[in-house]
Amino acid sequence: MRFWLPEASSSAPEVDHLIIALVLISCAVLALVFGLILLYLFKYRAGSGIDRGALAEKTWRLETAWTVATLIAFFGLFIWGADLYVRLFQPPADAMKIYVIAKQWMWKVEHPGGQREIDAVHVPAGRPIQLIMTSEDVIHDFSVPAFRIKYDVLPGRYETLWFSADRPGTYHLFCTQLCGVGHAAMVGEIVVMAAPSYQKWLEQNDAGETLAAAGKTLFMRYGCSGCHGGNGVGGNESASTVRAPALAGLYGSPVSVADGRVVTADDRYIRDCILLPDTQRVASYSPVMPSFAGQIGEADLIAIIAYIKSLTPENPS
Ligand SMILES: [Cu+2]
């Protein structure tokens with residue numbers, strides 16, 4: 001058995017360095033404290049001849065040095081860890097987005113091209129991948145030890161995680177949050193492929209329509225197009241009876257909402273608009289959007305969001 005897991009992602013060595021530093025510094029402090037305990041146990045033992053009643057002499061220099069040294073060491077670890085954490089949770093803008101839906105007890109994965117998988121994620125090597133994850137039931141946790149990443153997957157919201165896997169290979173995916181009797185079986189694999197084989201995999205698993213195309217059908221079926229324009233363009237009073245915000249070019253842009261905040265229209269914002277419209281209503285629009293909570297499943301939501309994302313001013317439907 002290997003003692004050390006392979007470091008298969010770009011951030012894995014950094015995480016390992018931090019953990020090793022934390023363990024070494026902690027061991028050094030531990031060794032000092034317990035070493036002194038053992039030393040004094042022996043030195044001041046009964047019958048050692050030393051007068052144990054004598055008042056100890058205080059050394060300010062030693063006490064200050066010890067306090068400052070540990071403060072610097074542990075504060076340094078905190079800054080190091082915080083910096084790493086911030087970078088680990090800020091996906092690069094060009095990351096490829098893959099959707100993950102957790103449910104008791106499986107991982108369902110949807111690719112932008114329409115490819116679907118269960119308990120497996122195929123990704124190209126060397127490219128940043130952003131996972132947008134949600135749960136259909138309880139709290140799960142997406143964990144890939146070889147990539148040194150893990151994050152809770154919560155029902156009712158999107159959590160994101162990103163990685164860039166350098167080495168082609170197959171790596172274990174675990175659920176690391178006790179999620180019911182089948183928890184131990186909620187495992188899968190991340191298959192990292194070189195670009196040509198990934199391309200081949202995409203073609204072999206072609207679903208016939210992209211996620212956005214599937215979303216367009218749902219957009220019509222759920223009646224979204226009734227207000228947001230006859231062809232999904234929106235914002236056009238002549239095309240619909242109700243005035244609704246335009247969707248073309250919405251994704252990634254800033255939106256002024258009714259309570260005065262300015263938010264970025266990301267996956268989470270669009271999801272909230274569909275399920276909890278009154279909390280995120282666009283300023284100057286009346287609260288006529290009905291909530292679709294409980295009516296649209298997670299997989300359909302993801303497809304609809306992919307469709308809205310695909311709408312640009314140049315390609316408005
Ligand atoms: Cu789970």
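The values are calculated or read from the model by the stated rules, or taken from the named source; none is laboratory data. Note that the coordinates shown come from a computational prediction; the quantities given were computed from them, not determined experimentally. Heads up, the Cβs are rebuilt from the backbone with ideal geometry, glycines too, and the neighbour counts pull from every protein chain shown.
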Do you know which of the residues in the stretch 84-124 that are over 20 Å from E203 (Cβ atoms) and of a type in the set (S, T, N, Q) is surrounded by the fewest Cβ atoms within 10 Å (Cβ to Cβ)? Q90
Go over the candidates A283, A258, A303 one by one and state the one that is of a type outside the set (F, W, Y) and closer than 19 Å to A212 by Cα. A303
Requiring at least 3 residues that are under 15 Å from the mean Cα position of the chain (by Cα), the strands (runs of 3 or more DSSP E) wholly within the stretch 79-189 are 96-103, 129-135, 140-144, 149-153, 159-163, 169-175
Enumerate the pairs (first residue in the stretch 89-107 and small (G, A, S); second residue anywhere and away from the ligand (no atom under 16 Å from the Cβ)) with beta-carbon separation below 6 Å, excluding pairs fewer than 6 apart on the same chain, so at least 6 apart or on different chains. A95/P128; A95/Q130; A95/W162
As an exercise: evaluate G81 against (1) exposed (fewer than 10 other Cβ atoms within 10 Å of the Cβ); (2) of a type in the set (G, A, S); (3) assigned by TED's automatic domain parsing to the domain that holds I129 and give the number of the one condition it does not meet. (1)
Enumerate the pairs (first residue in the stretch 291-306 and over 16 Å from R268 (Cβ atoms) and not assigned by TED's automatic domain parsing to the domain that holds K97; second residue anywhere and surrounded by fewer than 19 Cβ atoms within 10 Å (Cβ to Cβ) and basic (K, R)) with beta-carbon separation below 8 Å, excluding pairs fewer than 6 apart on the same chain, so at least 6 apart or on different chains. A299/K108
Close pairs from the stretch 111-139: first within 14 Å of R157 (Cβ to Cβ) and touching a residue at least 12 places away in the same chain (Cβ under 8 Å), partner buried (at least 21 other Cβ atoms within 10 Å of the Cβ) and of a type in the set (S, T, Y), Cβ under 6 Å, at least 6 apart: I132/Y99; I132/Y158; T134/Y158
Residue list for the stretch 260-294, filter: part of a loop (DSSP other than H, G, I, E, B) and either of a type in the set (F, W, Y) or under 22 Å from G114 (Cα atoms) (or both): D266, Y285, F292
Hits in the stretch 59-88 - residues which are touching a residue at least 24 places away in the same chain (Cβ under 8 Å) and of a type outside the set (S, T, Y): A73, F74, L77, W80, G81, L84, R87, L88
Taking K58, is it over 33 Å from the mean Cα position of the chain (by Cα) and among the basic types (K, R)? yes
Among (1) within 16 Å of the ligand (Cβ to nearest atom); (2) modelled with pLDDT under 90, the one test that T59 misses: (1)
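Residues are listed down the side, and each one gets a yes or a no for (1) small (G, A, S); (2) within 16 Å of the ligand (Cβ to nearest atom); (3) within 11 Å of L161 (Cα to Cα):
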site: A82; (1), (2), (3): yes, no, no
site: P91; (1), (2), (3): no, no, yes
site: D94; (1), (2), (3): no, no, no
site: H111; (1), (2), (3): no, no, no
site: Q115; (1), (2), (3): no, no, no
site: V121; (1), (2), (3): no, yes, no
site: A125; (1), (2), (3): yes, no, no
site: Q130; (1), (2), (3): no, no, yes
site: S135; (1), (2), (3): yes, yes, no
Residue list for the stretch 157-173, restricted to those being touching a Ser or Thr at 6+ places or on another chain (Cβ under 7 Å), closer than 21 Å to T134 by Cα and surrounded by fewer than 18 Cβ atoms within 10 Å (Cβ to Cβ): R157
